[in-house]
Amino acid sequence: MLVGPTAVGKTELSLSVAEKFGCEIISGDSMQVYRGMDIGTAKLPPEERRGIPHHLIDVRDPKEPFSAADFQEACTAAIRDIHGRGRLPFIVGGTGLYVESVCYGYRFQSYGSDEAFRERMSAFAREHGSQALHDRLAEVDPPSARKLHPNDERRIIRALEIYELTGRPLSDLQSQERGDDKTSPYRLCLIGLTMDRAELYRRIDARVDKMLEQGLVKEVSRLLEEGVPRGAVSMQALGYKEIAAYLAGELDYEAAVTLLKRDTRHFAKRQLSWFRHMRDLQWVEAGEGRKNSDLFKEICAIIAGKFPFDLEYICS
């Protein structure tokens, strides 16, 4: 598995690793599952995948929800299929809960829903602001509040909804789902890419600029015209919610772009925080002028130390 924050350079390295080890790649990105959401999710076009099979990309309509439990089920099935054909499953992505749920077999539960409660919380946020909503979560579930940015209204409301329905904080329930020992049904090789924070943030800003040049505004506009509601899970993705606000006249273009860059930087920070708590993860330092060929050799050495491969052959 190869994880790391957005824009750190996972995609190119993953292709090289997959070619060397005979892998099939499973996307560990919560939004690449949606069809028609290509630019904003940095989805690698099929013609650039070097003939390597990719799984869990373009498998859902953007009007439909997709959860960590859905990912766990689909990813587990993909792993069985790939392994059954004598190939190696290779999860690549940045959605921490999704990939960790597969690694350690989380036991997800259904807590139900309360649409009226969600509407009340949305109205509360509109009247009092997102920070006030976040403060409300901090009162009943401090650990969840620390993990969520005040602008992440959808997840904050869901955490409050679960507390309303169960009387227990989401953080406690998630701890129970994960279990204390975090044992895995798999033989894992977990590798994380990281780099200097300032350099990562420059890369994030450049990626956002490139997405806008590629037509992100048109992509979001098309999705809305096709009837994807702004409240859909898919439209909460970075890039889509900010541009949707611009198209609705709630933000001017410059403000939307500034917000998108800021929120993406915050998201990368949360990704790094999540992955740093993952057991058995071995970090590879990217950036600072390091060539992909050097990173590739370092990753190969980690893999060879975990599995019975010929290191001299692999790194040649």
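The values are calculated or read from the model by the stated rules, or taken from the named source; none is laboratory data. Every value quoted in this text rests on a predicted model; they were computed, and no experiment measured them. Don't worry about glycine lacking a Cβ; one is built from the backbone with ideal geometry, like all the others, and counts go over all protein chains shown.
Couple of notes before you dig in:
- Qualifying residues in the range 236-283 (those that are within 22 Å of residue 59 (Cβ to Cβ) and within 14 Å of the chain's Cα centre (by Cα)) - the one surrounded by the fewest Cβ atoms within 10 Å (Cβ to Cβ): 236
- Scanning the range 18-28 for residues that are touching a helix residue (DSSP H, G or I) at 6+ places or on another chain (Cβ under 9 Å) and surrounded by fewer than 23 Cβ atoms within 10 Å (Cβ to Cβ) turns up 20, 21, 23, 24.
- Close Cβ contacts (under 6 Å, 6 or more residues apart or on different chains) running from residues in the range 78-93 that are touching a residue at least 24 places away in the same chain (Cβ under 8 Å) to residues that are part of a helix (DSSP H, G or I) and of a type in the set (Phe, Trp, Tyr) comprise 88/21.
- Which numbered condition residue 14 fails, given (1) within 15 Å of the chain's Cα centre (by Cα); (2) buried (at least 23 other Cβ atoms within 10 Å of the Cβ): (1)
- Meets criteria (modelled with pLDDT under 95, under 14 Å from the mean Cα position of the chain (by Cα) and not aliphatic (A, V, I, L, M)) for residue 112: no
- Residue in the range 134-143 that is surrounded by 15 or more Cβ atoms within 10 Å (Cβ to Cβ), of a type outside the set (Lys, Arg) and touching a strand residue (DSSP E or B) at 6+ places or on another chain (Cβ under 9 Å) present: no
- Tally of residues being closer than 24 Å to residue 187 by Cα and either in contact with an Asp or Glu (Cβ under 6 Å, 6 or more places away or on another chain) or of a type in the set (S, T, N, Q) (or both) across the range 279-304: 2
- Residues that are farther than 20 Å from residue 9 by Cα, under 17 Å from the mean Cα position of the chain (by Cα) and at pLDDT 95 or above within the range 38-70 comprise 58, 59, 60, 62, listed in sequence order.
- Residue count for the range 274-316, restricted to those that are of a type in the set (Gly, Ala, Ser) and modelled with pLDDT under 90: 5
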